[in-house]
Every structure is written in C-alpha cells, then in structure tokens.
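Visitor: Have a look at the structure that comes next, please.
The values are calculated or read from the model by the stated rules, or taken from the named source; none is laboratory data. A quick note: this is a predicted structure, and the numbers were derived from the prediction, not measured. As a convention, Cβ positions derive from the backbone with ideal geometry for all residues, glycine included, and neighbour counts pool all protein chains shown.
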Amino acid sequence: MQPIFIPVALPQQAYQIAIALSSLHQLGPWLLDRSIQSVNLGQKVLIVSNPQIWGHYGAMVQDSLAKAGFQVAHLLLPAGERYKTLRSLQKIYDYALDLKLERSSTLVALGGGVIGDMTGFAAATWLRGIHVVQVPTSLLAMVDAAIGGKTGVNHPLGKNLIGAFHQPRLVLIDPDTLNTLARREFRAGMAEVIKYGVIRDVQLFERLEGCDRIDQRRYIPSDLLTEVISRSAQVKADVVSQDEKEAGLRAILNYGHTIGHVIESLTGYRQFNHGEAVALGMRAAAEIAIQLNLWPGSAAQRQHHLIQKAGLPTALPLSFDIQAVTEVLFTDKKVKDGKVRFILPTQLGQVQITDQVPTTVIIQALKAMQTH
C-alpha cells in the first residue's frame, strides 16, 4: 500500500497526516524529508510514551530517529486518563530541562490520546513552544486526538480544562500498531469513527453498518480499516482547516463529548474510558434531539445499533448520579455566556450547535438511558 497523505491546510502551520503500513521504522527519514514536513526539527528529540507501547514499538522508533542523526532520549509515563495531570506534565518539563531541550528541539508523542495530549501541551508550553510530532498507536488517537492541535491535561473537576492549541509538524499513522491494541481500546476508537459518520460522512456510517462486526480489529479487513482511518482523518482535517481554534464549525467535533466528558469526570475516569463515554454522550445527544423534534427516532435507532455493534455501552448504571450532571456541565470549557453548547443531530451526516437545551430535557434523556 502506498502512503496516504492528508493535508491539514492551516495558514500559520500547515502539516500532513501520513497513513502508511509498517512505517514506524521510517519516522527518522520522514522527519528529514522536506516534502513531508517543512522545517528543521533540530538535533534533540525526546520521545514520550508509556511502558506498554514502548515495549512494542519504542526500540524501533528510537533506532529510526538515531540512524537519521537525531540525539534521542525517551520518557515513560503511566498509561490511563487519570494520569493526564499536571503532575505527569511536570515530569516532562523536568526531563526537558535535564536534556537542555531548545526552541528547535522536538517532542515525539508515541502512544494513545493521553500521551498525545500531554506531550502536545508540554511542547506548547516549554520555552513558549517547541516542535511536536504525533505518532498515534490507538484508533482513537489516529482518527481524533492526534489531529488538530488540541492539547492539555485534566483538572480534578473537569476534563481538558488546562490546555492550548499547538499543531504538530507531522502526524504519522501506522495502522499495523492496532494489531497490539487491546480490544476495549479498539472499541473506544470506533466511537469516534461513528461520530464522524453521524456529523459529516454518511458513506462512512453506511460502510460500518454493512460490516458484520466492528468490535475487534480482526473482523475488519486491512483495506477497510485503512479507509475508515483515512475517511475519519479527512473529516477532522477538513473541519480543523476551516476552524483551527473552535470559533464555530469545529465545535461539531464535540458531538457526544458534552455529556461524555461529564460521565468521565463523575466516574473518576475509571468506570468508562473516553470512547465509551463518548458513545454514551452520543446516545444522550440522540435522546435530547428526539425530545426537541430535531431528528427522527429511526435515525437514532440506526446510531444506537451501530454503537452496540461496536461493543460500546448505551445505558447508564442505575447508580449514576444524574442530578450531579448539570453541576459539572457548567464547568465544561464549551460553556459560553453561562450556557452549555450541545451538538445535536438533525439527520445522518448533519448536526447543529445549540445552547437552547433545557435542563429538564437533559435529565429526561439521561433517565431514559438508565431504564433502557
């Protein structure tokens, strides 16, 4: 398979998303190739990863960079959303200081969305901004987290409240890394893929509907998986290119995330991973949209069945504190002028942004998810 290149056409810092099988060993040469990325990334490179991912791919990536002439070091951080904190970020800063990283130096994020978010934020804030290269190894990071320049860490009271926009110099996606991805994490990534189908790409949604199973990597042919990744990445790139810092259109990428982030926060980032919370958030958005007569129940059922086919949750536990949801909602970074913005579907492939959702409707929707 020839590499697929998807441009993210930003006026200040355009870059490419490269999708290529068995490409991790090419990272070093690609970072030197001015047709792939257009700046000098300096001599010093710090790879940030977690122990599991490093065990699979660390030596290959480090060797590729060293052979290309980079001075390479690595730092391993614990895996998991609950470690996406200022304390973990401090470890990156401390090591960056030890290595004497300069403005021309580069951080490489090798891992899933948590590693990508933290590494990107460290790059955004160290010396007021150094280069970062995203090498996502989870489906969720490939189609969403690694693209678009959103970086950050969590506050104890809310997800991603501390962050910055900082675009990468390159996003290198090697679908082969999904062969070692845990099943639950693969399913989490499918939530983001389904999101793209609902908000922008009906053909992608229908392609997934046509599959017998989408809950495990082994049930999806490699050519279809590459298509799913590239179509999802293309939607993200198109939206980000039009609205880099979420002044308008980019907010549609938060479909399922408004309630999803609250669910993550209220369950301590332990009961549901990000993709599972997004799936529940999409179910909640569907319930709200039905109550507001924005889209038909038949479309909601199609989304519901696809989420279930991906092995993702669609029901909240009876123990979930629905009354606490509204309190946490108003700490979300999507609140504007004291109103919570929701992304609600109007038809498959199209959504609208609204801040006119009554609290009673939100509560009704969540209660429906506890009883069905």
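Visitor: I'd like to verify a number: residues in the stretch 305-361 that are modelled with pLDDT of 90 or more and in a strand (DSSP E or B), how many?
Guide: 11
Visitor: Of all residues in the stretch 178-210, count the ones that are in contact with a His (Cβ under 9 Å, 6 or more places away or on another chain), buried (at least 23 other Cβ atoms within 10 Å of the Cβ) and not acidic (Asp, Glu). Outline the logic, then answer.
Guide: Step one: filter the stretch 178-210 for residues in contact with a His (Cβ under 9 Å, 6 or more places away or on another chain), giving 180, 188, 191-192, 195, 209.
Filter again for buried (at least 23 other Cβ atoms within 10 Å of the Cβ), leaving 188, 191-192, 195.
From what is left, the residues that are not acidic (Asp, Glu) are 188, 191, 195.
Counting residues in the stretch 178-210 that are in contact with a His (Cβ under 9 Å, 6 or more places away or on another chain), buried (at least 23 other Cβ atoms within 10 Å of the Cβ) and not acidic (Asp, Glu) gives 3.
Visitor: Any idea which of Gly210, Gly129 is more than 22 Å from Asn254 (Cα to Cα) and assigned by TED's automatic domain parsing to the domain that holds Leu312?
Guide: Values: Gly129 fails: assigned by TED's automatic domain parsing to the domain that holds Leu312.
Going through Gly210, Gly129 in turn, the sole match is Gly210.
Visitor: Restricted to the stretch 217-260, and to residues that are more than 28 Å from Leu366 (Cα to Cα) and in a loop (DSSP other than H, G, I, E, B), which residue is modelled with the lowest pLDDT?
Guide: Ala247
Visitor: Still on this structure, please answer the following. Taking the criterion of being part of a loop (DSSP other than H, G, I, E, B), buried (at least 18 other Cβ atoms within 10 Å of the Cβ) and under 17 Å from the mean Cα position of the chain (by Cα), would at least one residue in the stretch 270-291 satisfy it?
Guide: So in the stretch 270-291, the residues part of a loop (DSSP other than H, G, I, E, B) come out as 270-273.
Next, only the ones that are buried (at least 18 other Cβ atoms within 10 Å of the Cβ) stay: 272-273.
Next cut, under 17 Å from the mean Cα position of the chain (by Cα) only: 272-273.
Taking every residue of the stretch 270-291 in turn, at least one turns out to be part of a loop (DSSP other than H, G, I, E, B), buried (at least 18 other Cβ atoms within 10 Å of the Cβ) and under 17 Å from the mean Cα position of the chain (by Cα).
Visitor: Any idea which of (1) farther than 24 Å from Arg183 by Cα; (2) more than 16 Å from the chain's Cα centre (by Cα) is the one Ile252 doesn't satisfy?
Guide: Failing condition for Ile252: (2).
Visitor: Can you go through Ala68, Ala59 and tell me which one is without any contact (Cβ under 8 Å) to a residue 60 or more places away in the chain, hydrophobic (A, V, I, L, M, F, W, C), touching a Pro at 6+ places or on another chain (Cβ under 7 Å) and not assigned by TED's automatic domain parsing to the domain that holds Gly268?
Guide: Numbers: Ala59 fails: touching a Pro at 6+ places or on another chain (Cβ under 7 Å).
Only one candidate qualifies: Ala68.
Let's see how each residue does on (1) within 20 Å of Pro168 (Cβ to Cβ); (2) surrounded by fewer than 17 Cβ atoms within 10 Å (Cβ to Cβ); (3) aromatic (Phe, Trp, Tyr):
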| position | (1), (2), (3) |
| --- | --- |
| Phe5 | yes, yes, yes |
| Gln12 | yes, yes, no |
| Asp63 | no, yes, no |
| Ala68 | yes, no, no |
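Visitor: Another one. Run down Leu294, Leu312, Leu266, Leu318 and say which single residue is over 20 Å from Glu246 (Cβ atoms) and either crowded, with 21+ Cβ neighbours inside 10 Å or hydroxyl-bearing (Ser, Thr, Tyr) (or both).
Guide: Numbers: Leu294 fails: either crowded, with 21+ Cβ neighbours inside 10 Å or hydroxyl-bearing (Ser, Thr, Tyr) (or both); Leu266 fails: either crowded, with 21+ Cβ neighbours inside 10 Å or hydroxyl-bearing (Ser, Thr, Tyr) (or both); Leu318 fails: either crowded, with 21+ Cβ neighbours inside 10 Å or hydroxyl-bearing (Ser, Thr, Tyr) (or both).
Unique residue meeting the criteria: Leu312.
Visitor: Okay, moving on. Would you say Ile263 is modelled with pLDDT of 95 or more, within 30 Å of Pro168 (Cα to Cα) and either assigned to a loop (DSSP other than H, G, I, E, B) or not acidic (Asp, Glu) (or both)?
Guide: Details: modelled with pLDDT of 95 or more: no; within 30 Å of Pro168 (Cα to Cα): yes; either assigned to a loop (DSSP other than H, G, I, E, B) or not acidic (Asp, Glu) (or both): yes.
For Ile263, the condition - modelled with pLDDT of 95 or more, within 30 Å of Pro168 (Cα to Cα) and either assigned to a loop (DSSP other than H, G, I, E, B) or not acidic (Asp, Glu) (or both) - is not met.
Visitor: Within the stretch 88-102, can you find the residues that are free of Cβ contacts under 8 Å to residues at least 40 places away in the same chain and under 15 Å from Thr125 (Cα atoms)?
Guide: Of the stretch 88-102, the ones free of Cβ contacts under 8 Å to residues at least 40 places away in the same chain are 90-91, 93-94, 97-98.
Result: Gln90, Lys91, Tyr93, Asp94, Leu97.
Visitor: Restricting to the stretch 119-162, count the residues that are in contact (Cβ under 8 Å) with a residue 60 or more places away in the chain and either surrounded by fewer than 21 Cβ atoms within 10 Å (Cβ to Cβ) or touching a His at 6+ places or on another chain (Cβ under 7 Å) (or both).
Guide: Matching residues across the stretch 119-162 total 8.
Visitor: Another question, then. Can you pull out the residues in the stretch 149-176 that are in a helix (DSSP H, G or I) and in contact with a strand residue (DSSP E or B) (Cβ under 8 Å, 6 or more places away or on another chain)? Working first, answer last.
Guide: Going residue by residue through the stretch 149-176, those that are in a helix (DSSP H, G or I) are 175-176.
Within the stretch 149-176, Pro175 is the sole residue that qualifies.
Visitor: Restricting to the stretch 14-41, count the residues that are at pLDDT below 90 and either under 23 Å from the mean Cα position of the chain (by Cα) or of a type in the set (Gly, Ala, Ser) (or both). If you could, list the steps in order and put the result at the bottom.
Guide: Of the stretch 14-41, the ones at pLDDT below 90 are 34-40.
The next check asks that each one be either under 23 Å from the mean Cα position of the chain (by Cα) or of a type in the set (Gly, Ala, Ser) (or both); those that pass are 35-38.
Qualifying residue count, the stretch 14-41: 4.
Visitor: Given the condition on the phi > 0 side of the Ramachandran plot and surrounded by fewer than 19 Cβ atoms within 10 Å (Cβ to Cβ), answer yes or no: does some residue in the stretch 45-55 qualify?
Guide: Here is the first cut: in the stretch 45-55, the residues on the phi > 0 side of the Ramachandran plot are none.
No, there is no match, as no residue in the stretch 45-55 is on the phi > 0 side of the Ramachandran plot and surrounded by fewer than 19 Cβ atoms within 10 Å (Cβ to Cβ).
Visitor: From the list Ser265, Ser241, which one is assigned by TED's automatic domain parsing to the domain that holds Thr360 and either under 28 Å from Glu206 (Cβ atoms) or more than 17 Å from the chain's Cα centre (by Cα) (or both)? Steps first, please.
Guide: On the way: Ser265 fails: either under 28 Å from Glu206 (Cβ atoms) or more than 17 Å from the chain's Cα centre (by Cα) (or both).
Just one listed residue meets the conditions, Ser241.
Visitor: Here are the criteria: (1) more than 26 Å from Ile19 (Cβ to Cβ); (2) modelled with pLDDT of 95 or more; (3) in contact with a Phe, Trp or Tyr (Cβ under 7 Å, 6 or more places away or on another chain). Tell me which single one Arg82 does not satisfy.
Guide: The number of the failed condition is (2).
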